[in-house]
Amino acid sequence: MVKKMIIYIDLLIIINFLFDFLLLLTINIALKRYSKIYRLVLASIFGELTLLSLWIPFSSIVFTILKIIMGMIMVLIAFGYKNIKYTCYNVIYLYMTSVILGGFVYYLNLEFTSLNYLIILLIAPIILYVFIKSMKVLKEIKNYYYKVKIVFHDTYELNMTGFLDTGNKLID
């Protein structure tokens, strides 16, 4: 017996749009890009073109290259172009958050097979919020690392990384 799968194209378009928008919004907040919402919406609408590529028979290499190019164009629409480093950073964050969100959604789908897409869409912003908060904490901690050079009697030199403990986070 062959099982048939029914795909509701309207639901697929809405879910893809919302996930693209959430990913771009996460980059906007995490990297403090302050892009206008209408630019994020336009980039998410452009992301809908990737759905068309699902029904066109491409090789996996061409499909991967196409997805990377589409992601770059989405980032350019959402955040504009300032320089290559700025754009690459945005693209890297797009794919990094995409992998994290995709992994969590895949896990939720495996663990809780009865979850429908509406619940997953409600959980996705929470996952991205936790990711943003953890990235901010890591960036804050990174600012307290300094290169330290210790010289003993002008003969021996020791170079290492030190952590500045300000004591500001002390709790009684």
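The values are calculated or read from the model by the stated rules, or taken from the named source; none is laboratory data. On a predicted model such as this, the values are computed, not experimentally measured, just so you know. Positions of Cβ are generated from backbone atoms using ideal geometry, with glycine treated the same way; all protein chains shown enter the neighbour counts. What goes into the accessible areas is simple: the full protein's heavy atoms, side chains included, and nothing from ligands, DNA or RNA. Shrake-Rupley method; radii C 1.70, N 1.55, O 1.52, S 1.80 Å.
Some notes on this structure:
- With a simple spin-label model that places each label point 7 Å from the Cα along the Cα-to-Cβ direction, the separation between residue 59 and residue 141 comes to 4.4 nm.
- Listed pairs 36/67; 36/133; 85/142; 4/36; 82/139 exceeding 31 Å between Cα atoms: 4/36
- Within segment 6-112, trypsin sites (Lys or Arg not before Pro) in DSSP loop having at most 12 other beta-carbon neighbours inside 10 Å: 32, 36, 82
- With at most 16 neighbouring Cβ atoms within 10 Å, loop chymotrypsin sites (Phe, Trp or Tyr not before Pro) (DSSP) excluded, longest segment of the chain: 113-143
- Grouping the Cα pair distances of the chain into 10 Å bins from zero gives a pair-distance distribution of 8, 27, 29, 17, 11, 6, 2, 0, 0 percent in increasing distance order.
- Nearest-20 debye value, the chain charge dipole, Cβ charges on Lys, Arg, Asp, Glu: 360 debye
- Shown is the FRET efficiency for residue 41 and residue 165, computed with R0 = 45 Å from the Cβ-Cβ distance and rounded to the nearest 0.05: 0.50.
- Cβ-based charge dipole, the chain, positive-most Cα from 152, 102, 78: 78
- Per-residue [θ]222 nm for the chain (sum of -39500 (n - 2.57) over DSSP H runs n ≥ 4, rounded to 500): -22000 deg cm²/dmol
- The largest accessible area among 165, 154, 20 belongs to the first residue in 154, 165, 20, and the rest follow in falling order (1.4 Å probe, all chains).
- Label positions at residue 14 and residue 85, each projected 7 Å from the Cα along the C-beta direction, are separated by 4.3 nm.
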